[in-house]
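Since the structure comes first, as structure tokens, the remarks are kept for the end.
The values are calculated or read from the model by the stated rules, or taken from the named source; none is laboratory data. The structure presented is a predicted model; accordingly, all values stated were derived computationally and were not measured. Counting neighbours? That spans all protein chains shown, and the Cβs are built from the backbone with ideal geometry, glycine included. Accessible surface is based on the protein model in full, side chains and every heavy atom, while ligands, DNA and RNA are left aside. Shrake-Rupley method; radii C 1.70, N 1.55, O 1.52, S 1.80 Å.
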Amino acid sequence: MRNDEVWAINPSFMANHSISMLLLRRLLQLKKQGLSNRKIANNLQISRDTVNIYVQRISGGGRSLDELLSLPDDHLASYLMAPAVPEKRDKRYEQLMPLLPSMVKELAQPHMTRRVLWEDYRKNNPDGYAYSQFCSIMERYIGRTNAVMHLEHKPGEELYFDFAGDKLCYFDPATGGAIPCTVFIAVLPFSGYTYIEALPNQKRDQLLAAMNRMLRYFGGVPQSVTSDNMKQYVTKVNRYEPAISELVLQWSCHYDTTLLATRVASPRDKAAVESAVQSAYHRIYPYLRNMRPRTISELNDCISCVLQTFNAAPMQKKDHSRLEAFEHFERTLLKPLPIGDFVPKTTVTAKISPDYHA
């Protein structure tokens, strides 16, 4: 197998849902960080039963996590492959979910309580959920549909990125015509420390290269990286369990960080980067209006100069700058960068001809 190929596990070997080699290695990395099985399942967006089965096989195999991570893909797959386990479907959940919209409306009525709703629910569903689990499911449903949270960010844990809606331009030296560029913006929400770069387009190879430069700019790797459901990042849009692109998963394994995607049409989920985009419009774009860069490289040099001033300027209603907050509280909490940037790998599927030659 060549170094630029990625070996994939046969789904028939996997427990519960099929899991790729990238997800398996990411599972090992997260377990090495000490995360619980529940958090690993949430981060990877796979069944907790699947995680439990792999963790049991890892624990019973007698090899350390470092040894497993150093194994070639085919050896690791043979070592950890497990028989398929049929997915369990909870009929109680399927029965309860259609009832929740009307229950939530009733809950808004005076003197109505969850206890009364639960008692009515159990009369019609004697084998239904117990009271505590009923309340937990209702709470999650209410949170998904209409809750507005104030997000408290911890230093070094999160990074958000997005493309700005408004573009910047450089100017063709021959014709003087403006050539628009998309603008990539990333922010560490705890400190507000911001990275901005102009790109020729929004294609996946440009996005991955920008994500490499983003982490070099910050000088380390956060625990998680979050974007919206852009098509370069997410291959299957789902409000609760989006499917992340395989190349982007490779990127996350290279940098040992967790990939997250916001819910569809939920800008509050990425309020930090939305705020950074607005700050760019007000504090970066105006200072570029009189500059006439002739290449995208010159445009990025101009952005870099203005961005440096922006990050070093005191923030409103605070006695420090974004740069000061980053240097004092956040830089040392970022994980170190790996040796070398991420280089995309490709998957090659070979077929054997009748004469047994590939």
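Summary table below
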read-out	value
Residue pairs, from the table K31/K335; K203/K345; K31/K203; K154/K318, whose Cα atoms sit over 27 Å apart	K31/K203
Where labels lie 7 Å past Cα in the beta-carbon direction, separation of R48 and M97 in nm	1.7 nm
Cut-off 20 Å, label 7 Å out along Cα→Cβ of H328, residues of segment 155-169 by amide N	155-158
Accessible area of segment 267-336 belonging to carbon and sulfur atoms, whole % at 1.4 Å probe	54 percent
Environment charge of A210, counting only residues whose C-beta is closer than 14 Å and scoring Lys/Arg +1, Asp/Glu -1	0
